[in-house]
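Colleague: The structure is given below, and queries will be raised subsequently.
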């Protein structure tokens with residue numbers, strides 16, 4: 001994709017300089033790119049609100065390649081909101097293993113329960129309402145509504161941010177998402193926002209192969225913290241051991257993982273408070 005670049009320190013200035021022809025060219029080049037480089041992803045091949053909601057939660061902070069492996073298995077095991085809502089959390093967490101960020105598995109089941117029991121299995125088309133659901137922030141709420149209902153909601157994720165920084169902030173650094181939002185509002189394809197966002201994401205995913213990652217110029221850019229040896233890794237290991245053994249006490253968990261009880265116990269308390277595990281007579285197990 002080879003669009004004309006516009007550079008200005010002011011978003012207002014960029015928008016002011018943009019003629020209809022510039023917007024048409026940007027979108028025409030974007031659609032041309034998409035026609036050739038469109039990614040075939042299973043959650044795009046369905047208009048199932050449930051399938052789309054599952055994919056959007058899975059894709060939070062997770063590479064597409066990993067979701068491609070887990071998504072079909074999850075969908076086969078839990079094919080709809082009622083099935084997921086009524087499943088045991090042990091089963092949900094077992095299928096989720098390998099995805100990381102286990103909180104999302106818990107959030108996803110809680111979302112399924114709310115949609116199943118309070119919304120008659122219909123995903124609300126109001127992003128503000130979806131934001132009240134566990135694990136759904138402003139961007140995810142708007143992406144879910146856009147992809148399910150094909151309505152032009154405004155949101156930013158890493159690939160979208162990358163495209164707009166690359167094309168409209170060539171000579172600028174510390175770019176805030178607040179500067180990007182008006183551009184999206186100005187350029188978005190209001191008739192087919194679903195596919196327009198897909199095209200943006202696919203293009204953004206290819207950019208780091210050709211240029212230095214534009215997101216480094218974002219005000220919000222941070223390097224992901226090291227996973228090895230992290231608290232997040234230890235949480236995952238504890239849950240994995242409990243899934244395998246059903247019940248373990250603190251000493252057994254510490255021995256299996258090679259950590260001291262002093263390290264393990266605070267994490268167990270944390271997992272207990274969050275509802276991941278329960279404790280009975282000194283034994284810990286995954287919450288039902």
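Each value in this text was obtained by applying a stated rule to the coordinates, not by laboratory testing. What you see is a predicted model, and the numbers here were worked out from it, not measured in a lab. Counting neighbours? That spans all protein chains shown, and the Cβs are built from the backbone with ideal geometry, glycine included.
Colleague: Using only the Cα atoms, work out Rg/Rh for the stretch 74-217, with Rh taken as the Kirkwood radius, to two decimals. Let's see the in-between values first.
Modeller: On the way: Rg = 17.6 Å, Rh = 17.0 Å.
The Rg/Rh ratio comes out at 1.03.
Colleague: Once you place label points 7 Å from the Cα toward the Cβ at residue 274 and residue 171, how far apart are they in nm?
Modeller: 4.6 nm
Colleague: In whole angstrom, how far apart do the alpha carbon centroids of the stretch 89-163 and the stretch 192-238 sit?
Modeller: With the stretch 89-163 and the stretch 192-238 each reduced to a Cα centre, they are spaced 18 Å.
Colleague: Would you compute, for the Cα atoms of the stretch 231-286, the largest minus smallest coordinate along each principal axis and list the three values in descending order, in whole Å?
Modeller: Taking the Cα atoms of the stretch 231-286, the three principal extents are 22, 19, 19 Å.
Colleague: Using label points projected 7 Å from each Cα along Cα→Cβ, tell me how many nm separate residue 103 and residue 223, to one decimal.
Modeller: Reported label-point gap for residue 103 and residue 223 is 2.3 nm.
Colleague: Starting from the Kirkwood Rh over alpha-carbon pairs, what translational D in µm² s⁻¹ does the stretch 42-149 have by Stokes-Einstein at 10 °C and 1.306 mPa s?
Modeller: So the translational diffusion coefficient is about 117 µm²/s.
Colleague: Can you give me the P(r) profile for the chain? Cα pairs, bins 10 angstrom wide beginning at 0, each as a whole percent.
Modeller: Values per bin, smallest distances first: 6, 25, 29, 22, 13, 5, 1, 0.
Colleague: Build a GNM of the chain with springs between Cα atoms under 10 Å: which of 229, 98, 135 gets the top mean-square fluctuation?
Modeller: 229
Colleague: Something else: Once the piece of chain linking residue 154 and residue 243 is laid out straight, how much longer is it, given 0.36 nm per residue of separation minus the C-alpha distance between them? The partial results should precede the final answer.
Modeller: On the way: separation 89, 0.36 × 89 = 32.04 nm, distance 3.96 nm.
Answer, rounded to one decimal: 28.1 nm.
Colleague: Considering the chain as a Gaussian network with a 10 Å cut-off on Cα pairs, which listed residue, 145, 211, 173, attains the greatest mean-square fluctuation?
Modeller: For the chain, modelled as a Gaussian network with Cα springs under 10 Å, the answer is 211.
Colleague: Further question on the same structure: Find the relative contact order for the chain and round it to a whole percent, using C-alpha pairs within less than 8 Å whose residues are 6+ positions apart. Show your work: numbers first, answer last.
Modeller: Details: 329 pairs, mean separation 55.5, N = 288.
Rounded, it is 19 percent for the chain.
Colleague: Which value, to two decimals, describes the C-alpha radius of gyration of the stretch 137-269 once divided by 2.2 N^0.38 Å? Provide the component values of the computation, followed by the final result.
Modeller: Details: Rg = 21.2 Å, N = 133, 2.2 N^0.38 = 14.1 Å.
The value comes to 1.51.
Colleague: Note down, for the stretch 194-258, the three equivalent ellipsoid semi-axes (square root of 5 times each alpha carbon gyration tensor eigenvalue), biggest first, whole angstrom. Spell out each step's value before the answer.
Modeller: Working: eigenvalues 331, 53, 17 Å².
Semi-axes (√(5λ), whole Å): 41, 16, 9.
Colleague: So how much slack lies between residue 191 and residue 31, counting 0.36 nm per residue of separation and subtracting their Cα-Cα distance, in nm? Mind dumping the intermediate values first?
Modeller: Numbers: separation 160, 0.36 × 160 = 57.60 nm, distance 1.34 nm.
Length gained between residue 191 and residue 31: 56.3 nm.
Colleague: Also: Could you tell me how many degrees, from 0 to 90 and to the nearest 10, lie between the Cα long axis of helix 193-206 and the main elongation axis, the longest principal axis, of the Cα atoms of the chain?
Modeller: Here the helix axis deviates by roughly 80 degrees.
Colleague: Residue separation times 0.36 nm, minus the C-alpha to C-alpha distance between residue 46 and residue 206: what's the value?
Modeller: In short, 55.2 nm is gained.
Colleague: Next up: Measure off 7 Å from each Cα along the Cα-to-Cβ vector at residue 281 and residue 80, then give the distance between these two points in nanometres to one decimal.
Modeller: That separation, rounded to one decimal, is 4.1 nm.
Colleague: Have a look at 150, 102, 213 and tell me which one the Gaussian network model of the chain (Cα, springs below 10 Å) gives the largest fluctuation.
Modeller: For the chain, modelled as a Gaussian network with Cα springs under 10 Å, the answer is 213.
Colleague: Nearest 10 degrees, 0 to 90: what angle lies between the long axis of helix 231-245 and the longest principal axis of the chain (Cα atoms)?
Modeller: Between helix and principal axis, roughly 50 degrees.
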